[in-house]
Amino acid sequence: MIATVKATMTDARSLDDGAMGEHDAGFGDFVQLLKPRVMSLVVFTALVGLLAAPMSLHPLESFAAILFIALGGGASGALNMWYDADIDRIMRRTQSRPIPAGRITGGEAAGLGLGLGLISCLMLGLATNFAAAGLLAFTIFFYVVIYTMWLKRWTPQNIVIGGAAGAFPPVIGWMAATGTIAWPPVLMFALIFLWTPPHFWALALFMKDDYSRAGVPMLTVTHGRRVTRRHILAYTLILAPVALALGLTSVGGPVYLAVAVVLNALFILGGLRLWRRDEEVAVADNYVAERRFFRFSLLYLFGHFAAILAETVLHGMGWAAW
Amino acid sequence: MVAPIRPDHELHQRRRSRNMGLGAVLLAFAILIFGLTVVKVSRQTADGQPPGMTAPVSP
């Protein structure tokens, strides 16, 4: 009898512990671990790479390819959250993530990341080809080991080099369809690679305390805000010819070029505006221009890839300009 | 004696969401593998060769 009462009390206590949210996650917490917002960018760019390729897959193979590329991206996200849990606890932007919030343990995140990474690479290889699967495996390795474990806490160029990881999905999509590499996916890679630094530096300008408190050597922390603003402008200028060059390849056309001209002109103007502003003005208006530039950078990337998609549709209807 | 009906504890709701989610993911995965197998096999048979067979060697 006493044993039964004790057992009941223990059950009740463990139930209350669970109710506090300690290591008893719902399905949504595991989804959050895969960084669904980053995954949406991966899905979209990989889809464009796959559809713009000159060879086509069966629709189910295409669906599987995009799904496993997205899951590979999700695996990278889970492994990133596992390794960065210590700094995620410090930064306001990341405090509510499942590990710092105590809903998922680091071990669970690492296990999910490794398992999903293996399954996604293997399944992409079986569904399409092993060249694409190898590139997906390299992308996961690059994001987790080269960026997260090495560059992120070591150099202010972390975002510049680490941006490569986010730039691979359209190349993987193209390779899944063709099994080879060509100029258009290389330029798609370059577009995302050169877009990443100004995008994240704009974020670092208005999330100013987060990175310095966590000891992440962002350019804003190591070289100051003036240098960061100069770098943002420089990247918008370097980015423009790459974006326009993509329009002259087999995936481009007049629609893409028109969109690219407008978006790049606006992006350079935004970079110029940030370069002209000083910190006092930015603090006074709570970084309005920096926030606007950050939001526009998302539209910039989406616009370019949507234009490639539009060109693909037009090419399919026999309206190829070149 | 009939046990009183109690609403689920939040802990159980979270566990149920996790279990149902995992079940749905596994089911979707099995359907996808089946579909992919059908696509691959029918492509091979459309090429004129039964799956797993090489072209006959002429005498």
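The values are calculated or read from the model by the stated rules, or taken from the named source; none is laboratory data. Computed from a prediction, not measured in an experiment: that's the story for all the values here. Glycine also receives a Cβ, built like all others from the backbone with ideal geometry; neighbour counts cover every protein chain displayed. Just so you know, the surface numbers come from the protein's heavy atoms only, side chains and all, with ligands and any DNA or RNA stripped out. Shrake-Rupley method; radii C 1.70, N 1.55, O 1.52, S 1.80 Å.
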**Prompt:** Hey, which of the helices (runs of 4 or more DSSP H) in the stretch A:97-177, taking only ones fully inside, have at least 3 residues that are closer than 30 Å to B:Arg15 by Cα and open to solvent by 10 Å² or more (accessible area, probe 1.4 Å)?
**Reply:** A:106-127
**Prompt:** Quick check, is A:Ile181 within 30 Å of A:Phe130 (Cα to Cα), out of contact with any strand residue (DSSP E or B) (no Cβ under 7 Å at 6 or more places or on another chain) and in a loop (DSSP other than H, G, I, E, B)?
**Reply:** yes
**Fill in**
Of the conditions (1) more than 30 Å from B:Gln13 (Cβ to Cβ); (2) part of a helix (DSSP H, G or I), the single one that A:Met81 does not satisfy is (1)
**Prompt:** Do you know which residues across the stretch A:35-61 are within 12 Å of chain B (Cβ to nearest Cβ) and open to solvent by 20 Å² or more (accessible area, probe 1.4 Å)?
**Reply:** A:Leu57, A:His58, A:Pro59, A:Leu60
**Request:** Look through A:Arg226, A:Arg292 and report the one residue that is of a type outside the set (A, V, I, L, M), assigned to a helix (DSSP H, G or I) and farther than 19 Å from A:Gln157 by Cα.
**Result:** A:Arg292
**Item:** Hits in the stretch A:246-266 - residues which are surrounded by 16 or more Cβ atoms within 10 Å (Cβ to Cβ), in a helix (DSSP H, G or I) and in contact (Cβ under 8 Å) with a residue 40 or more places away in the chain
**Value:** A:Leu246, A:Val255, A:Tyr256, A:Val259, A:Ala260, A:Leu263
